[in-house]
């Protein structure tokens, strides 16, 4: 199933310059813009918690939980298929879960504790990044789903830990 979902998304790559450019933008640059936007939002509202806690959740998701998974499970990327359309440089780390989506969903889900409309906007952008990375040939669709799940687990872990620290 993972292969068929990948093929159904990736088959549109290299068919339209506009679509390819949009996917490359979402896969490579949208994550940076999302973090910059969140920083500017925190500056505008004067709330540093809305920046630092979601960012902490995302970083723990991407660089702790994902690293632990990589130790036990190393999945090859779809870019190794001869039939895959590759639009961006292929990362060296394992494919499962997607570090980009772990980071972004860790941030996005944590935002629900502060600002629901902003969180929904971030979840939508995170989905765009994930689908674009499949489109660009560097992830399986299940990598994206796993990244979202790891982001959710990280959010719950960081939120629980920070609330325990408040009570100490």
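The values are calculated or read from the model by the stated rules, or taken from the named source; none is laboratory data. Model, not experiment: these values are computed from the prediction. Cβ sites come from the backbone with ideal geometry, for glycine too, and all protein chains shown count toward neighbours.
What the table shows:
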{"item": "Test set (1) surrounded by fewer than 19 Cβ atoms within 10 Å (Cβ to Cβ); (2) without any contact (Cβ under 8 Å) to a residue 60 or more places away in the chain; (3) in a helix (DSSP H, G or I) - residue 92 fails condition number", "result": "(3)"}
{"item": "Lone qualifier among 68, 59 - being within 30 Å of residue 44 (Cα to Cα), in a helix (DSSP H, G or I) and out of contact with any strand residue (DSSP E or B) (no Cβ under 6 Å at 6 or more places or on another chain)", "result": "59"}
{"item": "So residue 99, is it buried (at least 20 other Cβ atoms within 10 Å of the Cβ) and within 22 Å of residue 156 (Cα to Cα)", "result": "yes"}
{"item": "Residue in segment 142-149 that is within 14 Å of the chain's Cα centre (by Cα), at pLDDT 95 or above, farther than 19 Å from residue 37 by Cα and surrounded by fewer than 19 Cβ atoms within 10 Å (Cβ to Cβ) present", "result": "yes"}
{"item": "Residue list for segment 109-140, restricted to those being in a helix (DSSP H, G or I), over 12 Å from the mean Cα position of the chain (by Cα) and modelled with pLDDT of 95 or more", "result": "110, 111, 116, 117, 118, 119, 120, 121"}
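Yes or no, residue by residue, for (1) in contact with a helix residue (DSSP H, G or I) (Cβ under 6 Å, 6 or more places away or on another chain); (2) farther than 16 Å from residue 105 by Cα; (3) surrounded by fewer than 12 Cβ atoms within 10 Å (Cβ to Cβ):
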{"residue": "6", "(1), (2), (3)": "yes, yes, no"}
{"residue": "11", "(1), (2), (3)": "no, yes, no"}
{"residue": "14", "(1), (2), (3)": "no, yes, no"}
{"residue": "24", "(1), (2), (3)": "no, yes, no"}
{"residue": "34", "(1), (2), (3)": "yes, no, no"}
{"residue": "38", "(1), (2), (3)": "yes, no, no"}
{"residue": "42", "(1), (2), (3)": "yes, yes, no"}
{"residue": "66", "(1), (2), (3)": "yes, no, no"}
{"residue": "69", "(1), (2), (3)": "no, yes, no"}
